[in-house]
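Comments concern the structure below.
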Amino acid sequence: MGNPRVDDNRRLLRARDLIDRCYADALDVEALARSAHLSRAHFIRSFGAAFGETPHRYLQRRRIERAMTLLRETDRPITEICLDVGFVSLGSFSTTFSEIVGCSPSAYRQRGHPPERRRVPSCVTRAWTRPSSTFREAEGSTRD
């Protein structure tokens, strides 16, 4: 039998990988906890301890990261991008986007990206523009 902590970490990594792969799908904490073979409460606590944010916050951030890429690199309508990254409501997408990025999706797209930034490798752009995992902590919000 393996080390319980190592086993939990592997399970949490599998759940995080599931979020990374299926961020646009209807994922809920119960399904993620089941995928890690942990109770809902233990999964939320363990995920937060391992990754520094709740599973829901991680999922939101992954969705917004993908939306940021689509807003930068395509001319697709914002509503279409909203639905493609897993949000079911344009209002919740815009609110979450603004909380994480600091501006609305349309303002993010309008501020544009000069050609000299386009020459930067995409991995560097993603790292530089990646939203903080502590996006609402300054406000003291408890909604996760």
Residues (part of a helix (DSSP H, G or I) and under 14 Å from Ser106 (Cβ atoms)) located in the stretch 40-85: Ala67, Met68, Leu70, Leu71, Arg72, Ile78, Thr79, Glu80, Ile81, Cys82
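On the basis of being touching a Gly at 6+ places or on another chain (Cβ under 8 Å), surrounded by fewer than 20 Cβ atoms within 10 Å (Cβ to Cβ), among the acidic types (Asp, Glu) and not assigned by TED's automatic domain parsing to the domain that holds Ala127, does Asp25 make the cut?
yes
When the stretch 21-31 is examined, which residues are found to be in a helix (DSSP H, G or I), free of Cβ contacts under 8 Å to residues at least 24 places away in the same chain and not basic (Lys, Arg)? Can you show your working first?
Filtering the stretch 21-31 down to residues in a helix (DSSP H, G or I) leaves 21-22, 29-31.
Still in the running and free of Cβ contacts under 8 Å to residues at least 24 places away in the same chain: 21-22, 30-31.
Hits for the stretch 21-31 are Cys22, Glu30, Ala31.
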Only one residue in Ser46, Ser35, Ser39 is at pLDDT below 95, over 16 Å from Arg16 (Cβ atoms) and outside the structural domain of Glu99 (by TED's automatic domain parsing). Which one? Ser39
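The values are calculated or read from the model by the stated rules, or taken from the named source; none is laboratory data. Every value quoted in this text rests on a predicted model; they were computed, and no experiment measured them. We place every Cβ from the backbone using ideal geometry, glycine too, and count neighbours over all the protein chains shown.
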